[in-house]
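Down below is the structure, laid out as structure tokens.
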């Protein structure tokens, strides 16, 4: 048998650093999710103005300014939370982290109210017309990502309140914030396509 | 069904644990080597089942006006055969080889995320079981339907509620959705492992070409599989929530499904093919006793294939598109033969002047080289729009892609089995049985698929369950079907070989082929921890450096 240690020849590099597997995996996940969202966005754009029956987007959609502000602001607050984490300020971390959760919850609440208005008030369901099908799929796909993010954020807050988060978990927190920034970035695209171009 | 359970020893024989303990060990394992072998063993089982389905198709088509199978059964056979071969044979073999070899080749102890790895395997396996369970489960409460019968690319509106009653299409959709998530899990793992866990000194340009190509394939899966997943979700919305994505009656577009499917479907061809290239790129240099010719050109060509393959999908749709679209996709399709040609010339240049050893892995790769060339040539023929208009949906197309996937990919996989079986089991495969397998399968392959081009040129459409006599197709179809007998005999030899060599095979030793990559530096089979110490690397052929200290590769890097 060739023993492996005989391979340790003299001039191996003294410093051997590799990218973090965790970062690679989350970056990969973001690429995958981007590809998936792209297809739903393409379907939405392709079907703009092709509904055979109403209600049409121009009649029923309102621009969700408040929820957009909340979601975009949550990207800033999660960044503040990360900074607090790096400063090892537990109170600051919990404060900014809870604010992020609150903003995400407000976003979801406004989306829920919008859907209720559309379904009950305007009788627009996923099967009504092409607009309904593509609207609920795209916005719903995004909202489901917000729900996943919200669940993870809440989990971290619970861990933090139980004092079971250590310094070594910093990269995990950072990865969650990457995901959260991605969900926000997707909203910018969804907002543009659905509420600006599609109307 | 002998190959259904190639009992590769997946557990170390300590004090011969009971069968229940061993099965439990398989269920809970997160070891990349066990999972890799489980992937390959399950894939080979699906290969036998889906192969038998293809045999039934050929039996039906052997003579004109045959009534052996009714049309519905025939539709189910070709649908399940195609779906299973792509998603439950090709993909898991790729994942299995990647799982088993990538950590060993880069000197790592396991994949980056072992539990994610196990998750990927079980998603694939249950996806495959779901597909075959449709034969029993699809009628469900409504009593309509059986296995899916919409073809492997399931064009709308065939998949709509009105045309596909019962749950057969739902089984198809869900099995692909589930296994797609599994494939994504394993591809994320390959990327995280290859970039994040290389042993000291293994820079990117010293990675074995196999690892490079698996990295490229995994990155392609990131872009290719999500569109399929998205399209499947849309189809589910259409079928269960009354959505209108592909419902032409409400203004939906059936062609949109075609685009979404082939945005996945064409990169998928390369996702299956590049791992074949990866195996050939390890085997050909070792059996030519020369380093790979043009290592960096190989890496570049692989990456270029990955990029170009994202822009060729609509060559599957020449008959539904505008001239402008057709022209673009014709040119991009032809462009992809440039990097592919670079690869073929690199392999040839590796052979040139080498001291070639005609061992079994090498025989498979040599067959691959010229078969893949022919497959590429018919590919260029089909890339020409007017030619494609004439031959689309004919047996010429069927012959072309079987030539790619069997003559190209499967022969490389055979080569990989002969090459790495000694590493995985510690035993050599029997050479006589191996020769019988390669010879029989080679003859069968050429009888079947060389001949199959001709009825296509004569106008025989694919997916017809029977045909009239007097069109000049009879003798060609008969020869095509006779070839299947040789292929079955070949596969039987392989299965017998895999099973008997486990106990009776000649002892392999650590490095039976005098090879150069790190997996041959550890014992055969490797211990659970792979390497006692993490090996250090100074060139692309670390074991060559070790065996030839007087003339190591790193002097020339």
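A short reminder: the numbers here are calculations on the coordinates, not readings from a lab. Keep in mind that this is a model prediction, so the values were computed, not measured. We place every Cβ from the backbone using ideal geometry, glycine too, and count neighbours over all the protein chains shown.
Averaging the sequence gap over all C-alpha pairs within less than 8 Å and six or more residues apart, then dividing by the number of residues, gives chain B a relative contact order of 17 percent. Peptides B:354-366, A:81-93, ordered by how many other C-beta atoms sit within 10 Å of their residues on average, highest first, read B:354-366, A:81-93. Can you tell me the orientation of helix B:323-335 relative to chain B, as the angle in degrees between its alpha-carbon axis and the longest Cα principal axis, to the nearest 10? Tilt of helix B:323-335: around 20 degrees. For residue B:469 and residue B:297, a Förster radius of 51 Å and the Cβ-Cβ distance give a FRET efficiency of 0.45, rounded to the nearest 0.05. Each Cα pair under 8 Å and six or more residues apart adds its sequence gap; the mean of these over the residue count of chain A is a relative contact order of 32 percent. Counting Cβ atoms of other protein chains within 10 Å of each residue's Cβ and taking the mean over peptide B:215-227 gives 3.
For chain B, the longest principal axis of the Cα atoms and the long axis of helix B:91-105 meet at an angle of about 10 degrees. Neighbour counting of Cβ atoms within 10 Å sorts the residues B:531, B:88, fewest neighbours leading, into B:531, B:88.
Across all directions, the shadow cast by the convex hull of the range B:449-557 built on its C-alpha atoms averages 13.2 square nanometres. Computed packing ranks the peptides B:60-70, B:147-157, B:77-87, B:269-279 as B:269-279, B:77-87, B:147-157, B:60-70, most packed first, by mean other Cβ atoms within 10 Å. Give the share of C-alpha pairs in each 5 angstrom bin for chain A, from 0 to the last occupied bin, in whole percents, shortest bins first. Percent of pairs per bin, in order: 1, 7, 14, 16, 15, 12, 9, 8, 6, 5, 3, 2, 2, 1, 1, 0. Under a GNM of chain A (C-alpha, springs under 10 Å), which listed residue has the highest mean-square fluctuation: A:69, A:78, A:173? Most flexible of the set in this elastic network: A:69.
In chain B the Cα-Cα distances spread across 20 Å bins starting at 0 as 21, 57, 21, 1 percent of all pairs.
In this simple spin-label approximation, residue B:499 and residue B:380 carry label points 7 Å from Cα along the Cα→Cβ vector, and these lie 4.5 nm apart. Stretched out straight at 0.36 nm per residue, the stretch from residue B:109 to residue B:324 would grow longer than its current Cα-Cα span by 72.3 nm. When only alpha carbons are used to place a centre, the range A:53-101 and the range A:141-182 end up 13 Å from one another. Neighbour counts of C-beta atoms inside 10 Å place B:485, B:417 in the sequence B:485, B:417, starting with the fewest. Sequence-distant contacts, meaning Cα pairs under 8 Å at least 6 residues apart, place the relative contact order of the range B:151-275 at 35 percent. Over the range B:146-293, the alpha carbon radius of gyration divided by the compact-protein estimate 2.2 N^0.38 Å works out to 1.35.
Taking packing as the residue-averaged number of other Cβ atoms within 10 angstrom, the listed peptides B:39-49, A:129-139 run from highest to lowest as A:129-139, B:39-49. Extent of the range B:336-461 along its three principal axes (Cα atoms, max minus min coordinate, largest first): 52, 29, 23 Å. Counts of other chain beta carbons within 10 angstrom of each beta carbon in peptide B:111-124 average 1. Residue by residue along A:124-133, Cβ atoms of other protein chains within 10 Å of the local Cβ number 5 on average. Here the protein assembly as shown yields Rg over Rh of 0.98, to two decimals, using C-alpha coordinates and the Kirkwood radius. Axis angle, to the nearest 10 degrees, between helix B:337-351 and the longest C-alpha principal axis of chain B: 40 degrees.
Ordered from longest to shortest, the equivalent ellipsoid semi-axes for the range A:81-181 are 36, 13, 9 Å, each the square root of 5 times a Cα gyration tensor eigenvalue.
Per-residue Cβ neighbour counts within 10 Å put B:402, B:453 in the sequence B:402, B:453, beginning with the fewest.
For the range B:263-310, the C-alpha radius of gyration sits at 1.29 times the compact-globule guess of 2.2 N^0.38 Å, with N the residue count. With semi-axes defined as the square roots of five times the eigenvalues of the C-alpha gyration tensor, the equivalent ellipsoid of the range B:233-314 measures 42, 12, 7 Å, largest first. The distance from the alpha carbon centre of the range B:34-64 to that of the range B:166-216 is 23 Å, rounded to a whole number.
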